[in-house]
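One structure is given below, encoded as structure tokens.
The values are calculated or read from the model by the stated rules, or taken from the named source; none is laboratory data. Note that the structure is predicted; figures quoted are calculated from it, not measured. No Cβ is skipped: glycine too gets one built from the backbone with ideal geometry, and neighbour counts run over all protein chains shown.
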Amino acid sequence: METLLKTTNLCKSFDELEVLRDINLAIAPGERVALLGPSGAGKTTLLKILAGLETPTSGTVENHAQRNAFVFQEPRLIPWRSVKNNLLFVNPAGDYKEALRSVEMADFADYPPADLSGGMRQRVNLARALITQPDLLILDEAFHSLDLGIKMRLMESLNQHWQENPFGLLCVTHDPKEALYLADRIVLLSARPASILAEIEGRPDQQWEITSPDFLTRESELIQLLSGKTQLD
Ligand SMILES: Nc1ncnc2c1ncn2[C@@H]1O[C@H](COP(=O)(O)OP(=O)(O)OP(=O)(O)O)[C@@H](O)[C@H]1O
């Protein structure tokens, strides 16, 4: 299998605190993977290692992506630039209008980030990642404080972007709905120290509807699995 991103026996401890244990994760070009795990398990730490913001205690990361885009939990917009100029800063030739439209922020191009709500800043953060046309997009709870309606529409929009130009996606979430909707494959993590418990199928095809009986059945199975009511095979 051609690999876009691969971790081998990745381990991380902060002094005595063991956070990641032997994470072996591989993502192929154009593949979408969700990391689903309990709060405090070590998911953000894993993404920070992938972004080069933390060093692993042991193990390796291979990243073959040409253009990586990271969306971290807290928006990291440049405060003195308008929304539009935050996007043009990362890609001066990019279509900022289209990027803002896809996150329903087209009317706010000239706003400074300080005049937006937290959820709006999160959406601009996502637009800023999309405008770089990444071949690897890494999302850390990118939709966490958004209401269900906008969350669904943004996930649909992300899906559209992917269909037009498939990119590798690694998204970290607590939300089974998000994992099932966005990802082809779901990696379940244990509580800290995070290790991989299981890998299960996510979205089966492009026709997958979030309100279909099939989706709801899978969602409830996943919730049971996460709450420990079902044994993994
Ligand atoms: N720089 C650091 N120094 C010491 N401990 C840290 C550091 N960064 C994270 N930790 C600890 O590592 C553990 C995992 O944190 P992390 O943020 O990776 O979890 P998470 O799975 O992303 O959580 P959540 O889903 O709640 O965001 C926590 O116990 C946290 O306190």
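Points worth noting:
- When A114 is tested against the conditions (1) surrounded by fewer than 16 Cβ atoms within 10 Å (Cβ to Cβ); (2) on the phi > 0 side of the Ramachandran plot, the lone failure is (2).
To keep it simple, each residue is scored yes or no on (1) of a type outside the set (A, V, I, L, M, F, W, C); (2) out of contact with any helix residue (DSSP H, G or I) (no Cβ under 8 Å at 6 or more places or on another chain); (3) surrounded by 15 or more Cβ atoms within 10 Å (Cβ to Cβ).
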site: W162; (1), (2), (3): no, yes, yes
site: A183; (1), (2), (3): no, yes, yes
site: L188; (1), (2), (3): no, no, yes
site: A194; (1), (2), (3): no, no, yes
site: P213; (1), (2), (3): yes, yes, no
site: S227; (1), (2), (3): yes, yes, no
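- Test: residue in region 168-175 that is modelled with pLDDT of 90 or more, among the hydrophobic types (A, V, I, L, M, F, W, C), touching a Cys at 6+ places or on another chain (Cβ under 7 Å) and closer than 15 Å to G30 by Cα: no
Yes/no per residue for (1) in contact with a Cys (Cβ under 8 Å, 6 or more places away or on another chain); (2) free of Cβ contacts under 8 Å to residues at least 40 places away in the same chain; (3) in a strand (DSSP E or B); (4) surrounded by 18 or more Cβ atoms within 10 Å (Cβ to Cβ):
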site: T8; (1), (2), (3), (4): no, no, yes, no
site: S13; (1), (2), (3), (4): no, no, yes, no
site: I23; (1), (2), (3), (4): yes, no, yes, yes
site: A26; (1), (2), (3), (4): no, yes, yes, no
site: P29; (1), (2), (3), (4): no, no, no, no
site: V33; (1), (2), (3), (4): yes, no, yes, yes
site: G52; (1), (2), (3), (4): no, yes, no, no
site: E74; (1), (2), (3), (4): no, yes, no, no
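- Residue ID - farthest from G40 (Cα to Cα), chosen from residues in region 176-233 that are among the β-branched types (V, I, T) and without any contact (Cβ under 8 Å) to a residue 12 or more places away in the chain: T211
- For the condition under 19 Å from A142 (Cβ atoms), surrounded by 15 or more Cβ atoms within 10 Å (Cβ to Cβ) and in contact (Cβ under 8 Å) with a residue 24 or more places away in the chain, L46 qualifies.
- Qualifying positions in region 54-72 - without any contact (Cβ under 8 Å) to a residue 60 or more places away in the chain and within 16 Å of the ligand (Cβ to nearest atom): E54, T55, P56, T57, G59, V61
- One residue stands out among those in region 76-108 that are assigned to a loop (DSSP other than H, G, I, E, B) and crowded, with 16+ Cβ neighbours inside 10 Å: the one that is nearest to the chain's Cα centre (by Cα), which is V103.
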